[in-house]
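Asker: One structure, pasted below without further comment.
The values are calculated or read from the model by the stated rules, or taken from the named source; none is laboratory data. A quick note: this is a predicted structure, and the numbers were derived from the prediction, not measured. In this analysis, Cβ positions are derived from the backbone assuming ideal geometry, glycine residues included, and neighbour counts consider all displayed protein chains.
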Amino acid sequence: MARIRLREAETHASRLPDVCMACGEASETHVKKNFRWYPSWVNLLIFVGLLPALIVMLVLTKQMSVEIPFCDRHRRYFGMRVLWIILALAGFITVWLAASAIVAATAEPQDVHNVPTFIAFTFVLSMIVSIITIAIIQGKTIRPDEITDREITLIRVNKEFIDALQDMRDARRDRMHSDDEFDGPRRRRDEDNDRDLRDPPRRGDAYRADPPRDRARHRERRVEDED
Ligand SMILES: [Zn+2]
């Protein structure tokens, strides 16, 4: 399992190889997954307070969708992960409730005062085991390591998928170079498209470069010169 950085243009099905991102087999479908990410240091703000942590988290959270290719076996990849987490939590809570009920029902009269302590202790224990279980499931799942305005870095991605994507990128680059020899204008158009995706023009750029006020002033100056 490895990591891969995708530009925003590469998050669409047509720009990704037909290889399952989870297992490397031939893909059968694409699943549009909206990933969210915020820097992990934000979690430390919990120690400052829940509210500041939540506010910073909301401000810094970035999201990006990826049309992930999956084989038939992995078409419910993310749904199954959520199901496992729910089942694990339900399992631990059931065990904790059952153990608490049995202990409460069978406690000798002289031990009854220890029952609340036992229930609290086993609750904390089951929470710790639940958190570890969720962390293990999350740790084995395809997830973002970073999202910026233009790129997403995914980890736990199958190596075969990364190799296939690299081949696709190389083929695309070669095609651009061969177009350069036979069809200059189209290549330039492709490159322009790519450049646009890397650095989309912002509204107002033209005005910043040459604001209407400046243009008016130039015109005035020209008129003065002519006088
Ligand atoms: Zn698969």
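Asker: Would you be able to say whether some residue in the range 112-132 is without any contact (Cβ under 8 Å) to a residue 12 or more places away in the chain, closer than 26 Å to K33 by Cβ and assigned to a helix (DSSP H, G or I)?
Answerer: yes
Asker: All but one of (1) modelled with pLDDT of 95 or more; (2) within 16 Å of the ligand (Cβ to nearest atom); (3) out of contact with any Leu (no Cβ under 6 Å at 6 or more places or on another chain) hold for F35; state the number of the condition that does not hold.
Answerer: (2)
Asker: Does L45 meet the test of being buried (at least 16 other Cβ atoms within 10 Å of the Cβ), closer than 16 Å to F161 by Cβ and either away from the ligand (no atom under 16 Å from the Cβ) or among the β-branched types (V, I, T) (or both)?
Answerer: Spelling it out, it is not the case that L45 is buried (at least 16 other Cβ atoms within 10 Å of the Cβ), closer than 16 Å to F161 by Cβ and either away from the ligand (no atom under 16 Å from the Cβ) or among the β-branched types (V, I, T) (or both).
Asker: Name the residue that is farthest from the ligand (Cβ to nearest atom), counting only residues in the range 5-24 that are of a type outside the set (K, R) and surrounded by fewer than 17 Cβ atoms within 10 Å (Cβ to Cβ).
Answerer: Among them, the one singled out is A9.
Asker: Then there is this: Inside the range 138-180, can you point out the residues that are part of a helix (DSSP H, G or I), within 16 Å of the ligand (Cβ to nearest atom) and basic (K, R)?
Answerer: Across the range 138-180, the qualifying residue is only K159.
Asker: Now a separate question. Taking the residues in the range 13-36 that are polar (S, T, N, Q) and in contact with a Phe, Trp or Tyr (Cβ under 7 Å, 6 or more places away or on another chain) as candidates, determine which candidate is farthest from V66 (Cα to Cα).
Answerer: S27
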